[in-house]
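The values are calculated or read from the model by the stated rules, or taken from the named source; none is laboratory data. What you see is a predicted model, and the numbers here were worked out from it, not measured in a lab. Heads up, the Cβs are rebuilt from the backbone with ideal geometry, glycines too, and the neighbour counts pull from every protein chain shown.
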Amino acid sequence: MENIILSLLLIKSMTIYEMRMFIQQCLTTVCSDSLGSIQVAIKKLLSKNCILYREYTEKSINKKEYSITDTGLNQFKEWIQVPMNLLKIKNMEEGKFFFLGIVPKEIRIQSLNGYIDSLVMEQEKLLQIHEYVETSKDNAIQENVERIIEDEQLSKHLLDVSGVKKLDVAVKNIYKYQTYNLKYGLERIKYDITFYRSILERELNDDEKE
């Protein structure tokens, strides 16, 4: 969670509420969006001087907006430069499928139907996001470039970590890989739906003998 927060703060200074909303909308398959998890990570990052915050009042509500420091930038660099580790991508829920053969057929069918329904719902959500991203990408890139330019420290950090000289190139690269991630999610969920439907069909057509 710490490195996810650092990643978010490289794009924009945020309140905890904004971080949580971003995770809910874009990263639910990557990490928890629980307020407790975010607050624990924020506390650790503050203790290591990886982030700082400014306090302000908006509509009579006191808020804290967090931003990344040079120390936080170094931690992000160390994390992002290590190749992704497939062995760390684990889903305990998949253990249910591994042991599903233990239970009666009607429970297996019920479980498969429920999982397929949840996959279809997630697919519809991702398709809506993809459609929005594709129709708004040009404006989104320009708006983010203009926003980041106004924050000298944020611009400096982003150009530093990106290795490019122009802010618009850095923002386009960020946007490009976020789009890749979305497309990967769509391809994977499409495959999963096809796979689990084939298993369900086998269950429905298999006449078990007592």
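Whether any residue in the stretch 30-52 is in a strand (DSSP E or B) and within 27 Å of Tyr177 (Cβ to Cβ) is what I want to check. Yes, there is a match, as at least one residue in the stretch 30-52 is in a strand (DSSP E or B) and within 27 Å of Tyr177 (Cβ to Cβ). Go over the candidates Ile61, Ile51 one by one and state the one that is outside the structural domain of Ile189 (by TED's automatic domain parsing) and either within 29 Å of Gln128 (Cβ to Cβ) or buried (at least 18 other Cβ atoms within 10 Å of the Cβ) (or both). Just a single option satisfies the conditions, and that option is Ile51. The requirement of being of a type in the set (D, E, K, R), over 21 Å from Ile11 (Cβ atoms), surrounded by fewer than 12 Cβ atoms within 10 Å (Cβ to Cβ) and out of contact with any helix residue (DSSP H, G or I) (no Cβ under 6 Å at 6 or more places or on another chain) is not satisfied by Asp138. Within the stretch 158-175, is there a residue that is surrounded by 10 or more Cβ atoms within 10 Å (Cβ to Cβ), basic (Lys, Arg) and under 30 Å from Lys77 (Cα atoms)? Yes, some residue in the stretch 158-175 is surrounded by 10 or more Cβ atoms within 10 Å (Cβ to Cβ), basic (Lys, Arg) and under 30 Å from Lys77 (Cα atoms).
Is it fair to say Asp192 is assigned by TED's automatic domain parsing to the domain that holds Val133, over 30 Å from Glu106 (Cβ atoms) and either modelled with pLDDT of 90 or more or loosely packed, with under 11 Cβ neighbours inside 10 Å (or both)? Considered against the rule, which asks whether it is assigned by TED's automatic domain parsing to the domain that holds Val133, over 30 Å from Glu106 (Cβ atoms) and either modelled with pLDDT of 90 or more or loosely packed, with under 11 Cβ neighbours inside 10 Å (or both), Asp192 comes out as no. Here is the figure for the stretch 22-56: residues that are within 11 Å of the chain's Cα centre (by Cα) and of a type outside the set (S, T, N, Q) total 7.
Note on the stretch 102-124: residues that are without any contact (Cβ under 8 Å) to a residue 24 or more places away in the chain, of a type in the set (D, E, K, R) and surrounded by 12 or more Cβ atoms within 10 Å (Cβ to Cβ) total 0. Highlighted here are the helices (runs of 4 or more DSSP H) found entirely within the stretch 93-210 that include at least 2 residues which are within 30 Å of Thr71 (Cα to Cα): 105-149, 152-162, 167-205. Looking only at residues in the stretch 71-84 that are under 16 Å from Ser47 (Cβ atoms) and in contact (Cβ under 8 Å) with a residue 40 or more places away in the chain, the one that is surrounded by the fewest Cβ atoms within 10 Å (Cβ to Cβ) is Gln75.
Looking across Ser67, Ser37, one residue alone is surrounded by 12 or more Cβ atoms within 10 Å (Cβ to Cβ), farther than 24 Å from Gln153 by Cα and of a type outside the set (Val, Ile, Thr). It is Ser37.
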